[in-house]
Amino acid sequence: MRTQPETVYTLPIGDPRRQYLLTARPDEIVDTHRRRAVSLAEMTRLLEPATFILIGELHDNALHHQFQAQVIEALVQAGRSVIVGMEMFDRTKQPELNLWTLNRLREAEFIEQSEWRTQWGFDFALYRPIFEVVYRHRLRLVGLNVPRTLVRQTARGGWQSIPEAERLGIPDPDLSIEAHRKLFYALLGGGHPTGQQGDDNFYAAQVVWDTGMADTALRYLERTVPSPRLAFVILAGNGHVMYDVGISLRLRMRTTLTTRVIVPLPPSDKPVQVRAALGDFVWLPRA
């Protein structure tokens, strides 16, 4: 049998106990721990222990956003107290997100007042299923991102170039996670870092991004009444969630609350091979 070429979905990184390869088939959700397909309802039940549920995406893929909305709906129907955190907004837009939760803005008003086009820029219609389920159930909605200026300045001059007063309380980025660094450069498609300072600053910007989103989620949770039924769903690009080395790792550095990761794959009409460590669950939409 000819070995398939390595892709970003088969990198030998992440959980050392799950370095085996699995086959995902179109329209299947695969539980990478149990090595079998599960239904949406079964996955929802298996997510019960998790407080943080991270769902990745390819930003321009409508199927991924429909799936994210379906998972959120399933969690609500299962009786979870759901909070939805989104990479798509930074912390400064929290007042507008609160108004959406309270059903006080129409869609056009929300798009304008939240500055969707400059905050994110992708077609709002791609994300509409998510906003509809949030609106329908009046779910708390959280802007997780940090201002882009902070990330850009880190990429230019490193984290140390940002004055303490402008760091928004974000912890110093830990750049020592080799698996995360390997994922970062694999996603760039540029091979390995050269070791130059510019490379480290560029990588540090990604770590600040992940660390900042984890920090926002934890700060929000500190102001939330504790509940064993709480499910904090985090929606972010696959690069921030894959292999459990992005946002979820930054969360676990600061909390003992359980995390789970769901990775949607690029659509395909054929089975796709993935590394089990890619996520706790992977979903392959049919092209």
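The values are calculated or read from the model by the stated rules, or taken from the named source; none is laboratory data. Model, not experiment: these values are computed from the prediction. Backbone-built Cβ (ideal geometry, glycine too); neighbour counts: all protein chains shown.
Brief remarks follow.
- Among residues of region 99-119 that are touching a residue at least 24 places away in the same chain (Cβ under 8 Å), those with a Cβ under 8 angstrom from a residue that is of a type in the set (V, I, T) and surrounded by 15 or more Cβ atoms within 10 Å (Cβ to Cβ), sequence gap 6+ or separate chain, pair up as W100/V134; T101/V134.
- Figure legend. Inter-residue proximity from region 181-198: first residues farther than 15 Å from G158 by Cβ, second residues in a helix (DSSP H, G or I) and modelled with pLDDT under 55, beta-carbon distance below 7 Å, spacing 6+ or different chains. No pairs are indicated.
- Residue list for region 146-184, restricted to those being surrounded by 17 or more Cβ atoms within 10 Å (Cβ to Cβ) and of a type in the set (S, T, Y): T154
- Selection within region 222-236 - touching a residue at least 24 places away in the same chain (Cβ under 8 Å) and either buried (at least 24 other Cβ atoms within 10 Å of the Cβ) or among the hydrophobic types (A, V, I, L, M, F, W, C) (or both): L230, A231, F232, V233, I234, L235, A236
- Condition met for L46 (farther than 30 Å from P228 by Cβ and surrounded by fewer than 18 Cβ atoms within 10 Å (Cβ to Cβ)): no
- Counting residues in region 16-34 that are out of contact with any Cys (no Cβ under 7 Å at 6 or more places or on another chain), surrounded by fewer than 20 Cβ atoms within 10 Å (Cβ to Cβ) and small (G, A, S) gives zero.
- Residue satisfying all of: in region 95-145; of a type in the set (V, I, T) and part of a helix (DSSP H, G or I); surrounded by the fewest Cβ atoms within 10 Å (Cβ to Cβ) among these: T118
- Test: V82 is assigned to a strand (DSSP E or B), in contact (Cβ under 8 Å) with a residue 40 or more places away in the chain and within 30 Å of P147 (Cα to Cα): yes
- Selected residue (only one of H65, H59 is under 26 Å from D123 (Cβ atoms) and either part of a helix (DSSP H, G or I) or of a type in the set (A, V, I, L, M) (or both)): H65
- Restricting A69, A74 to residues that are under 19 Å from the mean Cα position of the chain (by Cα), among the small types (G, A, S) and within 25 Å of R252 (Cβ to Cβ) narrows the list to A74.
- Take the conditions (1) of a type outside the set (F, W, Y); (2) assigned to a strand (DSSP E or B); (3) over 18 Å from V84 (Cβ atoms); I53 misses just one of them, which is (3).
- The residues of region 237-261 that are touching a Leu at 6+ places or on another chain (Cβ under 8 Å), among the hydrophobic types (A, V, I, L, M, F, W, C) and surrounded by fewer than 24 Cβ atoms within 10 Å (Cβ to Cβ) amount to a single one, L257.
Each row is one residue, and each column tells you yes or no for (1) at pLDDT below 95; (2) in contact with a Pro (Cβ under 9 Å, 6 or more places away or on another chain); (3) of a type in the set (S, T, N, Q); (4) assigned to a strand (DSSP E or B).
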position: F202; (1), (2), (3), (4): yes, yes, no, no
position: L218; (1), (2), (3), (4): no, no, no, no
position: T224; (1), (2), (3), (4): yes, no, yes, no
position: F232; (1), (2), (3), (4): no, no, no, yes
position: R254; (1), (2), (3), (4): no, yes, no, no
position: R260; (1), (2), (3), (4): no, yes, no, yes
position: P266; (1), (2), (3), (4): no, yes, no, no
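- Test result for W209, at pLDDT 95 or above, assigned to a strand (DSSP E or B), of a type in the set (F, W, Y) and touching a His at 6+ places or on another chain (Cβ under 9 Å): no
- Among residues of region 4-26, those that are under 27 Å from A74 (Cβ atoms) and in contact with a Phe, Trp or Tyr (Cβ under 9 Å, 6 or more places away or on another chain), counted: 3
- Of all residues in region 244-287, those satisfying the criterion of being over 24 Å from T23 (Cβ atoms), charged (D, E, K, R) and in contact (Cβ under 8 Å) with a residue 12 or more places away in the chain are R250, R254.
- Among the residues of region 217-252, those identified as of a type outside the set (A, V, I, L, M, F, W, C) and over 13 Å from the mean Cα position of the chain (by Cα) are R219, Y220, E222, R223, T224, P226, S227, P228, R229, R252.
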